[in-house]
Each structure stands twice: as structure tokens, then as C-alpha cells.
1. Per residue of the range 152-159, in order, report the coupling 6.51 cos²θ - 1.76 cosθ + 1.60 (Karplus, θ = phi - 60°) as ³J(HN,Hα) in whole Hz, putting x for Gly and Pro.
2. When DSSP beta bridges are limited to those with both residues in the range 206-359, what percentage is antiparallel, rounded to the nearest 5?
3. Test of understanding: what is the full-extension gain from Asn36 to Lys253, defined as 0.36 nm times their sequence separation minus their Cα-Cα distance?
4. What size of dipole, in debye to the nearest 20, comes out for the chain about its Cα centre when the only charges are +1 on Lys and Arg C-beta atoms and -1 on Asp and Glu C-beta atoms?
5. May I ask what percent, to the nearest 5, of DSSP beta bridges between residues of the range 97-358 are antiparallel?
6. With only Lys, Arg, Asp and Glu charged, each at its Cβ (+1 for the first two, -1 for the last two), find how big the charge dipole of the range 249-359 is about the Cα centre; round to the nearest 20 debye.
7. Label point 7 Å out from Asn59 along Cα-to-Cβ: which residues of the range 1-37 have amide N under 20 Å?
8. Find, among the GluC sites (Glu not before Pro) in the range 8-117, those assigned to loop by DSSP (not H, G, I, E, B) with at most 13 other beta-carbon atoms within 10 angstrom.
Amino acid sequence: MEITVQTVLEALKYVDDPDLKKDLVTLNMIKDVEVNGKNIAFTVVLTTPACPMKDMIHNACMNAILHYVDKDAKVKINMTATVTSKKEKDETTLRDVKNIIAVASGKGGVGKSTIAANLALGLAQQGAKVGIVDADIYGPSQHIMFGVEREMPGPGDFNGQKKMSPVLSYGVKINSVGFLAGPNQVIALRGPMASKALTQLFYDTVWGELDYLIVDLPPGTGDIQISLCSQVPLTGAVIVCTPQDVAISDARKGIALFQLPAINVPILGLVENMAWFTPAELPNNKYYIFGKDGVKNLAEELQVPLLAQLPLVQSIREAADIGRPAVLQENTEQALNFLELAQNVAQQIAIKNAEVVTV
């Protein structure tokens, strides 16, 4: 039987995207099919560079061709990625930002900023274009975690208007109030002024083309969170919490804020931080200092994804303090954990965006 482009596409209809639950052809993820005798080549366009199912999809496509087309076919599959987005186009400096992700917590001290920094870098390490806004107006820290305390945003131009150019560190674009205040200066802003400062971080920065813009929110459910939800087109929110009962009680309030009808921001999932502690001298032991599985149980109760359970590790804190986040520690357990977190967040964004398109 002669092999044609159509027979190749018919075979690939048997391959489903594991997340989106539809076949690759229907999802328009198969491009540039070429057939020359028994030589077959095509491109699979994934919904995110951080796709954790990349190898599974590759193998499924290969098996589909060999089984349904020709067992002796020579198949070349190019795996590429185009990040999906549900955000409407606008004419602001956010117009080329595909997805904006809030990283939030109900209370302080749960490691939210550390998670935000490592999430941003984890996505960037897997090929995505990433930026981060430090929206914690009163306690900015991203300029420290990325090792750029002494830098300043440069001049930028957007449609003939003077704007800021973000600081670049480890391939991630950053802007923060921390660049504008010295280490001993207090940022004393009342609610309306704090909200205005937040708006300027987003709309007075020339972000350019980004797949993901991570937003490190202050803890709680105050002016900054409400202003963000009303002024910035969020794709979804990631909630960070420790398994401690007090922290979980506050996390419930944070989740409820995003679920208010007037706000209605999807919860991409929960992160259980400081889930346990394992001493270096006792590698097989786990000590549940803040309680066990509290956030995992909350995720099950609310029927939202548990994106990660991350242990309490001293080197994660040390890495943040010296301005080189832990995800950059190649082949360590903590780096692999943060990379998996980034994959899971990207996966949930792809699912949410596909739901909007297919409804």
C-alpha cells in the first residue's frame, strides 16, 4: 500500500494528548508531514516546552506509524513547542505575554517567594521565555534571590512612550520595587499608592514576548491581590502552603479570594512546601515538622491538583540567599523537584487553556 500524508494523519488520530484527552490531529498538533517512499517525517507541536509527557507522545507516534502504516517505515519526528494562551490581545506592554501566573499564599513564611523564583527558572530551563514580577510591594525579595540587588531597570520604549526595560538574570526578565529602594529604606505606601506601584511594574515595563510571567504576590488577601486580579489578566494562581493547620486555614482564605465571582481566577494547584525534613546523616528518615500531608489533604478536599510536595532543605535557603536559586543546582534532588513542579504548572496551564478553546 502506498504511504500518503493522509494515511499518516489517519494513523496519528490514534494518539491522544494525555492531558487534553483528544487526538493530536484533531488538536492540530501535527505539522509538516512529509512522505518519500517509506521515509516519513513530521512535527509534533507540544503545548508547552516543559511538557512532562514529551517522550510518551514521541513513542506513541512512532508506534502508531509502525502499526497502522508500515512496520518497515523509517520515521523522523521533530518535537517542538508553542505555548498556548487564552489571554486576549491588548495594546499594553503585556500584549505579547501569553500566560500570567500568580504565586500566592495565605500567610507569610511559607516559602512563596522561593517557590516563585524556582518556578520561573524551572520553566526557563525547559525552553520557555519567562519573566517575573515581584509584586510583594512591602517585602520584595526577587532582586536578592536572582542576585541582582545592585542593578536597575534600564530605559525602554513602547510605541514611542518611555518605559522601563526589565533586569535580566539567568535568562529571566525581572522587575521589582526592590530595585527602587535601598536595603535600609522602607517602602511606606498606603493601599491606593501600593496598587498604583503594582500597576506600574506591569504596564511600565517592556516585557516583550513571554510564554509565562510569574507574579510573586505578598501574603494575604488585601489591596495588592484585589488590584492584581482586577487590573491584570491572570491565567491562574498557584497557592503555596506548609502542612501546618494554621497555614492551611489562611490558604483556604487565599483560595476563596481567587474563587470569588467578581475575580474568578482558576486555581492551577497547590504546593506543599516544607513537607518534611530529612537530615543528611539519616537519609532514610523523614521528620514531619509542620504536620503530615496537610496540603495534600486540602487539595483532595477542594479537588484541585497537588503540584508538588517539597521537603525542607537547607541548601534551598542558602541558594536563595546567595542569589542562585536551587533549581540551578543540576542533578540534585531539589533541582529535579523544582523542574517537576514547573512541568506540572505548565501542564495545568495547557489544560486550562484547552478547556477555554474547546468549550
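1. Listing the rounded values in order: 9, x, x, x, x, 10, 9, 6 Hz.
2. Within the range 206-359, antiparallel bridges account for around 10 percent of the total.
3. That pair, Asn36 and Lys253, stretches by 72.2 nm at full extension.
4. Magnitude of the dipole: close to 420 debye.
5. Percent antiparallel among DSSP bridges in the range 97-358 is about 25.
6. Here the range 249-359 has a charge dipole of around 240 debye.
7. So the set is 12-24.
8. Those satisfying the criteria are Glu88, Glu91.
Read-outs: derived from the displayed coordinates by stated rules, not from any lab. Keep in mind that what you see is a predicted model, and the values were worked out from it rather than measured. A quick note on method: Cβ atoms are made from the backbone with ideal geometry, for glycine too, and the neighbour counts reach across all protein chains shown.
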